[in-house]
Structure formats: C-alpha cells, structure tokens
Amino acid sequence: MKPENNDILLKTLLDAAKKVSMGTYDQTDNLMELTNHEKYPALVSELAEAFGMMIVQVESREFNLEQLLTRLREKNQKLEETLRRVLLLESIQSHMSKFVPKSVQDLIEKNPENPDLNKHEKNISVLFLDIAGYTKMSETNSREKMNFLIETYFSEFLNIIVEYKGDINETAGDGLMILFQDDDPQTHAVNAVSAAVAIQRRTILINDSLKEKYKPVSVNMGINSGNAAVGSTRFKGIAGERWTYTASGAVTNIAARVCAIASGGKILVTSMTSDHIENNFRLGIPWEQNFKNVTRAIRVREVLID
C-alpha cells in the first residue's frame, strides 16, 4: 500500500480517536472496516481493533455511569421524600407538644417505638390552682378581656411551673392541675410548694401592672402528696378512642378538695405535703378538715408568704 494511503488510514484512526475523546462514536463503522487484516496493513488493523475495544469499554463505562446516576437520582428523590416526612413529623411534634403533657413527651422520646404509657403507682405531689371569682369576672368583662387576662397570668405561671419541674396535666378555664414527680418525695413536695409560692408572688406583680385597667386577681391553690396511679386512661366508644394521661386516686381528689376550700389567694397543703416541707417554708397552725366522701378528716395547713 502506498504511503499516502497509509496516511489516509492513520488520519481516519486519528479522527476517530479525537471524536471518541469528545464522546462521539460515529466512526465505529469506519474502525470496524479497518480491522480487516486482508485489506489493510497489519499495524492499521491492530490499531483499529485497539480503538474499537477502547470504544466498547468507554461506552460500557458510560452506560454503567448512567445507570449509577439514575440510581443516585432515585435515591436522592427518596431522601428528599424522607426529609419532607421528617420535617412534617417535626412540625406535628411541635404542634402536639403544645397539647401533650411533658411527661408523656419524655416517655415517647425515651422509647418512640413502644412508650410505656401504662399506669404505674408513683409518689407525687398534685397542685390544683383556681382563679377566684372567675365566673363573676366573666360576666363583667368581654370575652377578649378574659382571654387576655387568662393568657397573661397563665403564661407567667407556665414559666414558673416548668422551672420547678411541674407538668400541667389538665386545664379547665380558670384552673390548672399540675403534677410534680421525683424519686424523692421531699423533692417533689418542695418543688410543688415552691411553684405555688412563686405563682402567688408573680400574681401580685401582674395585679400591680394591670391595676389601671383590671381588678386584682386572686389565685387559690391546694397541694397534696402521696401515691397515685400515673399513666394513661383509655376511653373507647363507637365514635372512636380517646386517651388521657393523668394521676388518679385519692391523692388527686383530696388536692382538688383542698383547693376548693382555699380563699383569698391562700396556698393550703395537707399533712402529706407539709411533713416534707416544714424546714423549707413557714406554715400556719394545722386544723382538721372534713371533706365530702372522704372517710377521715384531713389535716390542712396554710403556707405563709412573707
């Protein structure tokens, strides 16, 4: 074969190599033609075969790369969907935390798959709080004003309750039921009374700040300590299922009765609580108090605020 023909063949191979380097494979047929050992010099045929194998390998790698990119895009899409679900769950959790007691949130965070919400007997302190004269105030103030008052006072109370490790268990318009838990009975009793005293002092400050617009508010509180069944109560009916997480038993009932007899912004505690706090607070003279449907008289004392 003439030299000029060799140059043409080598030029064909060179052009094919350049196009392959740029990702274009339209010279494949020409290369396949040049692999014919009977028509073309051995060196040209061998080079054409080498280029052909290179093209096959490059195409194979590109195909594998495309497959990998497709899988990565699919996984990325799944990750984005998962992230959206996580953000949605976080949003739901944020909203639910406003309604679910902190103790329940802690149990779920500790064991999300199988939280222990069953009732267990625990030694606790229960504080009932009631705004005196709420019904009469509702008659003389607009709904907007009542909402403002309740939110103003209760928002401040919430900060105090959290500070002393209390957990608002129930709300009822003008009242709160608050649980204080700790392995040490003295600790939760002291926390409950400390919160009550702080609430009374904060009430005085709020009353003073609102005295130009509103009459002063009185907050009555009753505290009792002892063993109670703490956990979930489930109600099932045709309409569905409802769960509540609370403390039930005599301890809770007596705390509510003690709060009901408090007046003038007093904090009353039973002997079950006062026995744990005598060294921490000034207490009034004890007296025996009979309550409806309670078989024995309950010793009650007032927590005196300086």
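The values are calculated or read from the model by the stated rules, or taken from the named source; none is laboratory data. Only a predicted model underlies this, so the values are computations on that prediction, with no experimental measurement involved. Glycine also receives a Cβ, built like all others from the backbone with ideal geometry; neighbour counts cover every protein chain displayed.
The number of residues in the range 108-132 being crowded, with 18+ Cβ neighbours inside 10 Å and at pLDDT below 85 comes to 0. Output the qualifying pairs, or none if there are none: Cβ atoms under 9 angstrom, residues six or more apart or on different chains, first residue in the range 45-59 and in a helix (DSSP H, G or I), second residue of a type in the set (Lys, Arg). Close Cβ pairs (under 9 Å, with a partner that is of a type in the set (Lys, Arg)) amount to Ser45/Lys39. Among the residues of the range 168-178, none qualifies, meaning not one is more than 20 Å from Asn253 (Cα to Cα) and without any contact (Cβ under 8 Å) to a residue 24 or more places away in the chain.
Scanning the range 226-250 for residues that are part of a strand (DSSP E or B) and either at pLDDT 95 or above or surrounded by 15 or more Cβ atoms within 10 Å (Cβ to Cβ) (or both) yields Gly226, Asn227, Ala228, Ala229, Val230, Gly231, Ser232, Tyr245, Thr246, Ala247. Taking the conditions (1) surrounded by fewer than 20 Cβ atoms within 10 Å (Cβ to Cβ); (2) within 21 Å of Leu283 (Cα to Cα); (3) in contact with a helix residue (DSSP H, G or I) (Cβ under 8 Å, 6 or more places away or on another chain) in turn, Thr187 satisfies each one other than (3). Could you tell me whether the range 251-259 includes any residue that is modelled with pLDDT under 95, within 30 Å of the chain's Cα centre (by Cα) and in a strand (DSSP E or B)? No - not one qualifying residue is present in the range 251-259.
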